[in-house]
1. Of everything in the stretch 104-117, what is part of a loop (DSSP other than H, G, I, E, B) and in contact (Cβ under 8 Å) with a residue 24 or more places away in the chain? Give them in sequence order.
2. Within the stretch 29-57, can you find the residues that are touching a residue at least 40 places away in the same chain (Cβ under 8 Å) and charged (D, E, K, R)?
3. Sort out for me the strands (runs of 3 or more DSSP E) sitting completely within the stretch 48-103 that have 2 or more residues that are of a type in the set (S, T, Y) and within 17 Å of T37 (Cβ to Cβ).
4. Pick out the one residue from S116, S42, S109 that is surrounded by 14 or more Cβ atoms within 10 Å (Cβ to Cβ), of a type outside the set (F, W, Y) and either at negative phi or more than 13 Å from the chain's Cα centre (by Cα) (or both).
5. Can you pull out the residues in the stretch 33-79 that are touching a Lys or Arg at 6+ places or on another chain (Cβ under 9 Å), more than 19 Å from A114 (Cβ to Cβ) and β-branched (V, I, T)?
Amino acid sequence: MSPLLFAVVGRAVVGPGVVTGDISVHDPTMCKDDSGTYFIFSTAPGIEIRTSTDRTRWTLIGRVWPNGASWTDAYTGTSNGNLWAPDCTYKNGEFYLYYSASSFGSQNSAIFFAKSS
């Protein structure tokens with residue numbers, strides 16, 4: 001049996017540079033819309049949203065659910081909508097967002113889905 005040789009061809013992408021602005025996030029996920037704006041969604045009460053047009057200057061623009069997410073209270077044990085580890089996809093003019101709700105260390109968790117244009 002002869003050994004197999006695999007070659008990987010890749011292309012390095014230069015980073016965006018020095019990142020500035022409101023960049024204190026946990027569990028971030030990034031999407032880019034059709035206009036070229038980048039969005040970061042992150043773990044926080046209501047899931048925080050940050051935007052940038054160049055991936056270097058970030059601005060906190062709000063929350064997905066600024067008034068909490070009452071449908072998740074049974075899983076978080078709170079009424080503030082503290083939601084974890086979102087995952088976003090942008091396709092055909094719509095955002096698709098998966099997110100989890102749980103209280104730390106519990107066995108009581110759920111994964112939710114939201115869609116927005």
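1. S106, N108, S117
2. Within the stretch 29-57, K32, D33, D34 qualify.
3. Those strands (runs of 3 or more DSSP E) span 48-52, 82-91.
4. S42
5. Within the stretch 33-79, T59 is the sole residue that qualifies.
Read-outs throughout are calculated quantities, based only on the coordinates presented, and are distinct from any laboratory measurement. Treat the numbers as computed from the prediction; the structure is a model and nothing was measured. Here the Cβ is made from the backbone with ideal geometry for all residues, glycine too, and neighbour counts use every protein chain on show.
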